[in-house]
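First the structure, in the form of C-alpha coordinates, and then the observations on it.
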Amino acid sequence: MPATEVPAHHAGTMSRAPTEGDEKVGETTSVVGPKGIFDRSTKGRVLEPITVQVERGRIQFFAQVLQLTDPIHFEVNAAREQGYPDLVAPPSFFTVLDQAANEARGRRGQPSAAALVNVDFRYLLHGDEAYEYLNPIFAGDEVTLTTSILDFYDKKGGAMEFVTLASELRHAERGVLVCATRNLLHRLP
Amino acid sequence: MTPVSLAAAKPGDMLPEIQFGPITRGVLALYAGASGDHNLIHIDIDMAKASGMPDVFAHGMLSFGVLARVPTEWAGAERLRSFSARFVAMTQVHDLITCRGEITEVFDTEGARDARIALTATTQDGRTTLTGEAIVRVG
(Lines give C-alpha, C1' and ligand atoms only; values in the text may rest on other atoms or scores of the structure.)
Protein backbone atom coordinates (compact mmCIF):
# COMPACT_ATOMS: atom_id res chain seq x y z
CA MET A 1 0.00 0.00 0.00
CA PRO A 2 1.09 3.57 -0.53
CA ALA A 3 3.15 5.14 2.19
CA THR A 4 0.56 7.81 2.67
CA GLU A 5 -2.17 5.56 4.01
CA VAL A 6 -3.41 6.68 7.38
CA PRO A 7 -3.20 4.08 10.12
CA ALA A 8 -5.81 5.24 12.61
CA HIS A 9 -3.96 3.75 15.57
CA HIS A 10 -0.95 5.93 14.80
CA ALA A 11 -2.90 9.13 14.67
CA GLY A 12 -1.70 11.46 17.35
CA THR A 13 0.11 8.79 19.33
CA MET A 14 3.65 8.97 18.04
CA SER A 15 4.44 12.44 19.11
CA ARG A 16 3.33 15.01 21.57
CA ALA A 17 2.57 18.66 21.06
CA PRO A 18 5.75 20.69 21.22
CA THR A 19 6.41 22.65 24.35
CA GLU A 20 8.70 25.60 24.85
CA GLY A 21 11.42 23.30 26.07
CA ASP A 22 11.46 21.34 22.82
CA GLU A 23 13.02 24.09 20.79
CA LYS A 24 16.10 24.17 22.94
CA VAL A 25 16.45 20.42 22.82
CA GLY A 26 16.11 20.46 19.03
CA GLU A 27 18.84 23.05 18.68
CA THR A 28 21.36 21.56 21.01
CA THR A 29 21.24 17.88 20.11
CA SER A 30 21.52 15.85 16.94
CA VAL A 31 20.33 12.57 18.39
CA VAL A 32 17.37 10.85 16.75
CA GLY A 33 14.12 12.21 18.02
CA PRO A 34 11.15 14.31 17.09
CA LYS A 35 12.30 16.78 14.46
CA GLY A 36 8.96 17.77 13.03
CA ILE A 37 8.29 21.11 11.43
CA PHE A 38 4.51 21.24 11.95
CA ASP A 39 3.25 23.24 14.90
CA ARG A 40 1.28 20.51 16.61
CA SER A 41 -0.16 22.85 19.21
CA THR A 42 -2.66 23.91 16.51
CA LYS A 43 -4.46 20.54 16.62
CA GLY A 44 -8.19 21.18 17.01
CA ARG A 45 -8.06 24.76 15.74
CA VAL A 46 -10.92 25.87 13.49
CA LEU A 47 -10.06 28.70 11.14
CA GLU A 48 -12.42 31.64 10.93
CA PRO A 49 -14.95 30.93 8.14
CA ILE A 50 -14.22 32.87 4.99
CA THR A 51 -16.57 33.67 2.10
CA VAL A 52 -15.40 33.61 -1.52
CA GLN A 53 -17.04 34.16 -4.91
CA VAL A 54 -17.26 31.43 -7.56
CA GLU A 55 -16.22 33.17 -10.75
CA ARG A 56 -17.12 32.05 -14.27
CA GLY A 57 -13.63 32.80 -15.56
CA ARG A 58 -12.00 30.64 -12.91
CA ILE A 59 -14.27 27.71 -13.75
CA GLN A 60 -13.53 28.08 -17.46
CA PHE A 61 -9.75 28.43 -17.02
CA PHE A 62 -9.53 25.53 -14.57
CA ALA A 63 -11.68 23.26 -16.76
CA GLN A 64 -9.64 24.22 -19.83
CA VAL A 65 -6.27 23.35 -18.25
CA LEU A 66 -7.61 19.97 -17.10
CA GLN A 67 -9.00 19.46 -20.64
CA LEU A 68 -12.56 18.91 -19.52
CA THR A 69 -14.91 18.82 -22.49
CA ASP A 70 -18.45 19.11 -21.07
CA PRO A 71 -19.83 22.52 -22.17
CA ILE A 72 -21.57 22.95 -18.77
CA HIS A 73 -18.12 24.15 -17.54
CA PHE A 74 -17.62 26.62 -20.40
CA GLU A 75 -20.90 27.84 -21.92
CA VAL A 76 -23.59 29.45 -19.79
CA ASN A 77 -26.27 28.60 -22.33
CA ALA A 78 -25.25 24.94 -22.37
CA ALA A 79 -25.38 24.84 -18.57
CA ARG A 80 -28.83 26.47 -18.55
CA GLU A 81 -30.11 24.03 -21.17
CA GLN A 82 -29.17 21.28 -18.73
CA GLY A 83 -31.21 22.98 -16.01
CA TYR A 84 -28.33 24.61 -14.13
CA PRO A 85 -28.44 28.29 -13.17
CA ASP A 86 -24.89 28.96 -14.44
CA LEU A 87 -21.57 27.24 -15.22
CA VAL A 88 -20.97 24.09 -13.16
CA ALA A 89 -17.69 23.79 -11.24
CA PRO A 90 -15.49 20.76 -12.11
CA PRO A 91 -15.12 18.02 -9.45
CA SER A 92 -11.78 19.26 -8.10
CA PHE A 93 -12.77 22.95 -8.10
CA PHE A 94 -12.83 22.91 -4.31
CA THR A 95 -9.06 23.35 -4.43
CA VAL A 96 -9.47 26.62 -6.36
CA LEU A 97 -11.86 27.97 -3.74
CA ASP A 98 -9.55 26.83 -0.97
CA GLN A 99 -6.69 28.77 -2.55
CA ALA A 100 -8.96 31.80 -3.06
CA ALA A 101 -9.88 31.62 0.62
CA ASN A 102 -6.18 31.54 1.50
CA GLU A 103 -5.56 34.64 -0.61
CA ALA A 104 -8.49 36.41 1.06
CA ARG A 105 -7.11 35.47 4.46
CA GLY A 106 -3.73 36.81 3.46
CA ARG A 107 -5.22 40.16 2.48
CA ARG A 108 -6.89 40.37 5.89
CA GLY A 109 -3.72 39.46 7.70
CA GLN A 110 -5.16 36.10 8.79
CA PRO A 111 -3.01 32.98 8.51
CA SER A 112 -3.95 30.13 6.15
CA ALA A 113 -4.19 26.60 7.53
CA ALA A 114 -0.78 25.95 5.96
CA ALA A 115 0.72 28.94 7.76
CA LEU A 116 -0.96 28.01 11.05
CA VAL A 117 0.45 24.48 11.06
CA ASN A 118 3.81 25.89 9.90
CA VAL A 119 4.06 24.23 6.47
CA ASP A 120 7.53 24.39 4.93
CA PHE A 121 6.82 24.28 1.20
CA ARG A 122 10.34 23.03 0.44
CA TYR A 123 9.48 19.71 2.04
CA LEU A 124 5.71 19.60 1.57
CA LEU A 125 3.99 16.74 -0.22
CA HIS A 126 0.33 15.96 -0.64
CA GLY A 127 -0.73 12.62 0.85
CA ASP A 128 -4.35 12.36 -0.21
CA GLU A 129 -7.47 14.37 -0.92
CA ALA A 130 -11.13 13.32 -0.57
CA TYR A 131 -14.33 15.12 -1.53
CA GLU A 132 -17.90 14.31 -0.71
CA TYR A 133 -20.35 16.10 -3.02
CA LEU A 134 -23.65 17.11 -1.44
CA ASN A 135 -24.72 19.89 -3.84
CA PRO A 136 -23.23 21.34 -7.01
CA ILE A 137 -21.17 24.55 -7.09
CA PHE A 138 -22.27 27.12 -9.69
CA ALA A 139 -20.66 30.26 -11.04
CA GLY A 140 -22.06 33.24 -9.18
CA ASP A 141 -22.28 31.36 -5.90
CA GLU A 142 -21.02 32.97 -2.75
CA VAL A 143 -19.63 30.14 -0.63
CA THR A 144 -18.23 29.99 2.87
CA LEU A 145 -15.27 27.77 3.68
CA THR A 146 -14.59 26.49 7.19
CA THR A 147 -11.38 24.55 7.77
CA SER A 148 -10.34 22.56 10.84
CA ILE A 149 -6.94 21.20 11.82
CA LEU A 150 -7.89 17.67 12.80
CA ASP A 151 -4.72 15.81 13.66
CA PHE A 152 -0.98 15.25 13.33
CA TYR A 153 0.88 11.95 13.05
CA ASP A 154 4.23 10.48 11.99
CA LYS A 155 5.33 7.63 9.73
CA LYS A 156 8.59 5.91 8.83
CA GLY A 157 10.08 6.49 12.25
CA GLY A 158 9.49 10.21 12.05
CA ALA A 159 10.97 10.67 8.56
CA MET A 160 7.55 11.85 7.44
CA GLU A 161 5.06 13.88 9.43
CA PHE A 162 1.42 14.41 8.46
CA VAL A 163 -1.38 16.85 9.17
CA THR A 164 -5.06 16.12 8.51
CA LEU A 165 -7.23 19.08 7.46
CA ALA A 166 -11.02 18.97 7.06
CA SER A 167 -13.08 21.62 5.30
CA GLU A 168 -16.73 22.31 4.67
CA LEU A 169 -17.93 24.47 1.80
CA ARG A 170 -21.35 25.97 2.47
CA HIS A 171 -23.87 28.00 0.49
CA ALA A 172 -26.31 30.18 2.44
CA GLU A 173 -29.44 28.69 0.84
CA ARG A 174 -28.35 25.30 -0.50
CA GLY A 175 -26.44 24.25 2.62
CA VAL A 176 -23.22 22.22 2.54
CA LEU A 177 -21.92 21.76 -0.99
CA VAL A 178 -18.66 19.86 -0.45
CA CYS A 179 -16.90 18.20 2.49
CA ALA A 180 -13.15 17.90 1.93
CA THR A 181 -10.47 16.01 3.81
CA ARG A 182 -6.77 16.14 3.02
CA ASN A 183 -3.52 14.88 4.42
CA LEU A 184 -0.38 16.93 3.84
CA LEU A 185 3.08 15.76 4.77
CA HIS A 186 6.62 16.93 5.25
CA ARG A 187 9.37 14.75 3.85
CA LEU A 188 11.70 15.78 6.63
CA PRO A 189 15.25 16.87 5.71
CA MET B 1 -22.34 8.09 -21.77
CA THR B 2 -26.01 7.13 -21.89
CA PRO B 3 -28.40 6.31 -19.05
CA VAL B 4 -28.62 2.80 -20.50
CA SER B 5 -24.95 2.08 -19.94
CA LEU B 6 -25.21 3.52 -16.42
CA ALA B 7 -28.11 1.22 -15.62
CA ALA B 8 -26.22 -1.77 -17.03
CA ALA B 9 -23.06 -1.04 -15.02
CA LYS B 10 -21.68 -4.10 -13.23
CA PRO B 11 -18.49 -5.04 -11.39
CA GLY B 12 -15.59 -5.62 -13.72
CA ASP B 13 -16.73 -3.06 -16.29
CA MET B 14 -13.95 -0.69 -17.38
CA LEU B 15 -14.73 2.96 -18.01
CA PRO B 16 -13.26 4.76 -21.03
CA GLU B 17 -9.67 5.68 -20.17
CA ILE B 18 -8.29 9.18 -20.41
CA GLN B 19 -4.79 10.20 -21.44
CA PHE B 20 -3.18 13.47 -20.39
CA GLY B 21 0.19 14.80 -21.38
CA PRO B 22 3.04 14.49 -21.85
CA ILE B 23 3.16 16.98 -18.98
CA THR B 24 5.06 20.11 -19.94
CA ARG B 25 6.45 22.90 -17.80
CA GLY B 26 3.93 25.10 -19.56
CA VAL B 27 1.04 22.96 -18.33
CA LEU B 28 2.42 23.20 -14.77
CA ALA B 29 2.55 26.97 -15.05
CA LEU B 30 -1.01 27.07 -16.38
CA TYR B 31 -2.24 24.74 -13.65
CA ALA B 32 -0.57 26.93 -11.02
CA GLY B 33 -2.42 29.95 -12.37
CA ALA B 34 -5.75 28.19 -12.88
CA SER B 35 -5.79 26.48 -9.50
CA GLY B 36 -4.22 29.25 -7.45
CA ASP B 37 -1.62 26.79 -6.12
CA HIS B 38 1.44 29.00 -6.52
CA ASN B 39 3.90 26.73 -4.71
CA LEU B 40 7.05 27.56 -6.67
CA ILE B 41 8.47 24.04 -6.38
CA HIS B 42 6.20 23.13 -9.34
CA ILE B 43 7.12 26.01 -11.63
CA ASP B 44 10.55 27.37 -10.68
CA ILE B 45 13.48 24.97 -11.16
CA ASP B 46 15.69 27.08 -8.87
CA MET B 47 13.19 26.62 -6.05
CA ALA B 48 12.90 22.90 -6.84
CA LYS B 49 16.69 22.50 -6.65
CA ALA B 50 16.85 24.48 -3.43
CA SER B 51 14.46 21.88 -2.01
CA GLY B 52 16.70 19.02 -3.08
CA MET B 53 14.68 18.06 -6.15
CA PRO B 54 16.39 17.60 -9.53
CA ASP B 55 13.61 19.43 -11.36
CA VAL B 56 10.10 20.78 -10.96
CA PHE B 57 7.41 18.13 -10.72
CA ALA B 58 3.67 18.13 -11.33
CA HIS B 59 1.07 19.23 -8.81
CA GLY B 60 -0.63 16.13 -7.42
CA MET B 61 -3.91 17.98 -7.82
CA LEU B 62 -3.35 18.29 -11.57
CA SER B 63 -3.51 14.51 -11.96
CA PHE B 64 -6.31 14.44 -9.37
CA GLY B 65 -8.40 16.75 -11.53
CA VAL B 66 -7.74 14.67 -14.64
CA LEU B 67 -8.49 11.42 -12.79
CA ALA B 68 -11.88 12.85 -11.77
CA ARG B 69 -12.76 13.07 -15.46
CA VAL B 70 -12.95 9.27 -15.69
CA PRO B 71 -16.17 8.94 -13.66
CA THR B 72 -17.67 12.29 -14.73
CA GLU B 73 -17.13 11.89 -18.48
CA TRP B 74 -18.83 8.53 -18.15
CA ALA B 75 -21.74 9.55 -15.95
CA GLY B 76 -21.88 13.37 -15.94
CA ALA B 77 -20.62 15.68 -13.22
CA GLU B 78 -23.93 15.82 -11.37
CA ARG B 79 -23.86 12.09 -10.64
CA LEU B 80 -20.55 12.14 -8.80
CA ARG B 81 -21.19 11.64 -5.07
CA SER B 82 -17.64 11.29 -3.82
CA PHE B 83 -14.13 11.27 -5.21
CA SER B 84 -10.86 10.66 -3.43
CA ALA B 85 -7.29 9.81 -4.34
CA ARG B 86 -4.00 9.04 -2.71
CA PHE B 87 -0.81 10.51 -4.16
CA VAL B 88 1.36 7.43 -4.45
CA ALA B 89 4.29 8.75 -6.47
CA MET B 90 5.36 12.03 -8.00
CA THR B 91 4.43 12.89 -11.56
CA GLN B 92 7.46 14.19 -13.43
CA VAL B 93 7.79 16.60 -16.32
CA HIS B 94 7.27 14.74 -19.66
CA ASP B 95 5.19 11.99 -18.04
CA LEU B 96 2.21 10.82 -20.07
CA ILE B 97 -0.62 10.00 -17.67
CA THR B 98 -3.26 7.36 -18.32
CA CYS B 99 -6.30 7.40 -16.05
CA ARG B 100 -8.39 4.25 -15.74
CA GLY B 101 -11.52 3.30 -13.87
CA GLU B 102 -13.06 -0.08 -13.10
CA ILE B 103 -16.44 -0.63 -11.49
CA THR B 104 -15.91 -2.71 -8.38
CA GLU B 105 -19.40 -2.70 -6.87
CA VAL B 106 -22.96 -1.64 -7.64
CA PHE B 107 -25.14 -1.24 -4.57
CA ASP B 108 -28.52 0.06 -3.40
CA THR B 109 -28.52 3.15 -1.23
CA GLU B 110 -31.15 5.69 -0.19
CA GLY B 111 -33.63 4.18 -2.63
CA ALA B 112 -31.15 4.60 -5.49
CA ARG B 113 -28.22 2.71 -7.03
CA ASP B 114 -24.58 3.72 -6.79
CA ALA B 115 -21.48 2.34 -8.47
CA ARG B 116 -18.10 2.23 -6.76
CA ILE B 117 -15.22 2.82 -9.16
CA ALA B 118 -11.56 2.03 -8.50
CA LEU B 119 -9.32 4.55 -10.24
CA THR B 120 -5.64 4.69 -11.12
CA ALA B 121 -3.32 7.12 -12.83
CA THR B 122 -0.20 5.55 -14.32
CA THR B 123 2.72 6.84 -16.35
CA GLN B 124 4.00 5.65 -19.73
CA ASP B 125 6.55 3.40 -17.98
CA GLY B 126 4.04 1.82 -15.64
CA ARG B 127 4.50 3.86 -12.47
CA THR B 128 1.28 4.31 -10.52
CA THR B 129 1.03 7.94 -9.42
CA LEU B 130 -2.50 8.05 -7.98
CA THR B 131 -4.98 5.49 -6.70
CA GLY B 132 -8.50 6.69 -6.12
CA GLU B 133 -12.15 5.87 -5.70
CA ALA B 134 -15.36 7.42 -6.93
CA ILE B 135 -18.99 6.78 -6.04
CA VAL B 136 -21.37 7.55 -8.89
CA ARG B 137 -25.18 7.52 -8.86
CA VAL B 138 -26.22 5.16 -11.64
CA GLY B 139 -29.90 4.68 -10.96
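The values are calculated or read from the model by the stated rules, or taken from the named source; none is laboratory data. Computed from a predicted structure; not experimentally measured. Virtual Cβ from ideal backbone geometry, glycine too; neighbours counted across all protein chains shown. Accessible surface areas use protein heavy atoms only, side chains included; no ligands, DNA or RNA. Shrake-Rupley method; radii C 1.70, N 1.55, O 1.52, S 1.80 Å.
Some observations on this one:
- Counts of other chain beta carbons within 10 angstrom of each beta carbon in peptide B:50-56 average 2.
- Å² per residue, accessible surface of region A:58-136 at 1.4 Å: 44 Å²
- Percent accessible area from carbon and sulfur atoms, the protein assembly as shown, protein chains only, probe 1.4 Å: 53 percent
- Environment charge at residue B:14 (Cβ cut-off 12 Å; Lys +1, Arg +1, Asp -1, Glu -1): -1
- Prolate/oblate/rounded call for region A:116-160, Cα gyration tensor, a/c under 1.5 rounded: prolate
- A P(r) calculated from all alpha carbon pairs of region B:41-118, with 5 Å bins opening at zero, reads 3, 12, 20, 18, 14, 10, 8, 7, 4, 2, 1 percent.
- Peptide B:73-80, shielding by other chains (average Cβ, 10 Å cutoff): 4
- Against chain B, whose longest principal axis comes from its Cα atoms, helix B:25-35 is set at around 60 degrees.
- Sequentially through region B:125-137, phi angles give Karplus couplings (6.51, -1.76, 1.60; θ = phi - 60°) of 9, x, 6, 7, 9, 9, 10, x, 8, 10, 10, 10, 6 Hz, Gly and Pro residues having no value and appearing as x.
- A cut-off of 5 Å between modelled amide H atoms, ignoring neighbours fewer than 5 places along the same chain, links residue B:88 with B:130, B:131.
- Taking amide H atoms as placed 1.01 Å from N in the peptide plane, the amide H of residue B:39 has no partner under 5 Å among residues 5 or more positions away or on other chains.
- Shielding by partners, peptide A:118-127 (average Cβ within 10 angstrom, other chains): 4
- Principal axis box of chain B, alpha-carbon based, largest edge first, Å: 54, 30, 21
- Over the residues of chain B, the helix contribution to mean residue ellipticity at 222 nm works out to -7000 deg cm²/dmol, using -39500 (n - 2.57) for each DSSP H run of at least 4.
- Shape category assigned to the protein assembly as shown from the gyration tensor of Cα positions, a/c cut at 1.5: prolate
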